[in-house]
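Below is one structure, written out as structure tokens; the observations come after it.
Taken together, the values in this text are just the output of simple stated rules run on the coordinates, not laboratory data. Since the model is a prediction, treat every value here as computed from it, not as a measurement. When we count neighbours, we look across all protein chains shown, and the Cβ atoms used for this are built from the backbone with ideal geometry, even at glycine.
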Amino acid sequence: MMQQYLRIKADYPHMLLFYRMGDFYELFYEDAERAARLLDITLTARGKSAGKPIPMAGIPYHAAENYLARLIRQGESVAICEQVGDPATSKGPVERKVVRIITPGTVTDEALLEERRDNLLATLYRQDSTWGLATLDLASGRFTVQEQETEEGLRGELERLQPVELLLPEEESFEWKEGGLTRRPEWHFDPETALQLLTAQFGTRDLGGFGCHGMDTAIRAAGALLQYVQETQRTALPHISGLKVERHDEALVIDAATRRNLELDRAHSGKREHTLTGLLDQTATAMGSRLLARWINRPLRDRAVIEARHDAVEALVQWFELRELRRLLAGAGDIERIPSRIALGSARPRDLATLRDTLALLPELQSLLAPLE
């Protein structure tokens, strides 16, 4: 059995391996010691190797989501290894294989996500003096790219985006202490591979329609990010259907230190309370809360777009049906994230029931909003 474990573990050296044994997920060797420290669980031993006890720690199968959430919040990645063979017919150890990989930036399960914060996976690639930055919110499918000419500008954007996991080429010396850090082979950033992966994902011949012309460094970052997500999810990603280019002239440029001092959506304590977003957020849905945070963190420069937002807010404030609208929205589920779980094949019956109930609200919402058209 330990030979099987070591063979599987060799493919996931930088992740904790949850190895299913009956009603428990077991961890061995260094994984067991790390899990015991991070989760405050008992460290025991099973058998011996080279005359020394083999460290072991376990968690109940039915409570795995709670432990996973704690590990993800600490920047850990986990490979879930399940029994796929029949114990009654197996000769020797029951066949097992990794069926699920969970990293901080590829979480989509409701129980593992903060409902009012985006959960961003980011990738950096540097070519000469240009930095390419790609981000993906796998829980919604929102995929963005941009380029920065200075490290100061790049760090300002990372402070704004607050990715929970950052992918970097193996030889890149960029320092990052704000979240999970994952190193990727240099060849994953190959420009031809990136273009091939992205056009295949979007069903296009090129990326010109997304406004990416000339953004070779950002495209390499986006390609490496997509390849990583395909590896971890092991399924089609139909909800990732395009790229959005974020340009410097669209919004105010705020450096990292200024952002931290302004406490726009994260206080010095790391919490959302007592920040500008926390003060202004009176939204009825988690979707609205996340959108508001994005707006506050990226102040617009285009006067026409700013005035359009103000006009929309004014119309709602003066509208006598506002209370009824809030009542309806309060009953809506997170229809930005649920379709993504359906696309990834990880939706649960509760997700489908929530989607059903939310769709049932749409005719009433449409009728209520008709006077504002």
Along each of its three principal axes, how wide is the spread of alpha-carbon positions in the range 1-102, in whole angstrom units, largest first? 39, 32, 24
Karplus-derived 3J(HN,Hα) from phi for the range 327-342 (6.51 cos²θ - 1.76 cosθ + 1.60, θ = phi - 60°), whole Hz, x at Gly and Pro, runs 4, 5, 5, 4, x, 8, x, 7, 7, 8, 9, 4, x, 5, 5, 5
Where chymotrypsin sites (Phe, Trp or Tyr not before Pro) fall in DSSP loop in the range 271-373, at most 11 other Cβ within 10 Å: F320
0 to 90° range, to nearest 10: angle between helix 151-161 axis and the chain longest Cα axis: 90
What are the trypsin sites (Lys or Arg not before Pro) within the range 10-98 that DSSP puts in a loop, where the Cβ has at most 15 other Cβ atoms within 10 Å? K91
Using the Karplus equation 6.51 cos²θ - 1.76 cosθ + 1.60 (θ = phi - 60°), what ³J(HN,Hα) coupling, rounded to whole Hz, does each residue of the range 17-27 give in order, writing x for Gly and Pro? 9, 8, 9, 6, 9, x, 8, 10, 9, 9, 10
Assigning unit charges at the beta carbon (Lys, Arg +1; Asp, Glu -1) and nothing else, what dipole magnitude in debye, to the nearest 20, does the range 50-156 show about its Cα centre? 560
Fewest-first ordering of W187, W176, W131 by Cβ atoms within 10 Å yields W187, W176, W131
Positive-end residue of F210, V305, L158, charge dipole of the chain with Cβ unit charges: L158
Using the alpha-carbon atoms, what tilt in degrees (0 to 90, nearest 10) does helix 29-39 show relative to the longest principal axis of the chain? 40
The ³J(HN,Hα) series, computed from each phi in the range 315-324 with the Karplus coefficients 6.51, -1.76 and 1.60 at θ = phi - 60°, rounded to the nearest Hz and given as x for glycine or proline, is 4, 5, 4, 8, 7, 6, 9, 4, 4, 5
Mind listing which trypsin sites (Lys or Arg not before Pro) in the range 296-373 are in a DSSP loop and have 13 or fewer other Cβ atoms within 10 Å? R301
Let me have the 222 nm mean residue ellipticity of the chain computed from DSSP H runs of 4+ only, each contributing -39500 (n - 2.57), with the sum over all residues rounded to the nearest 500. -12000 deg cm²/dmol
Among DSSP bridges having both ends in the range 112-245, what percentage is antiparallel? Round to the nearest 5. 60
Calculated Rg and Dmax of the chain using C-alpha coordinates, Å: 23.0, 78
Restricting to the chain, what percent of DSSP beta bridges are antiparallel, rounded to 5? 70
Nearest 10 degrees is fine. How inclined is helix 216-233 to the longest principal axis of the chain, computing both from alpha carbons? 50
Just for the Cα atoms in the range 244-350, what are the lengths along the principal axes, largest first, rounded to whole Å? 44, 38, 31
With +1 on each Lys and Arg Cβ and -1 on each Asp and Glu Cβ, how big is the dipole of the range 242-373 about its Cα centre, in debye rounded to the nearest 20? 600
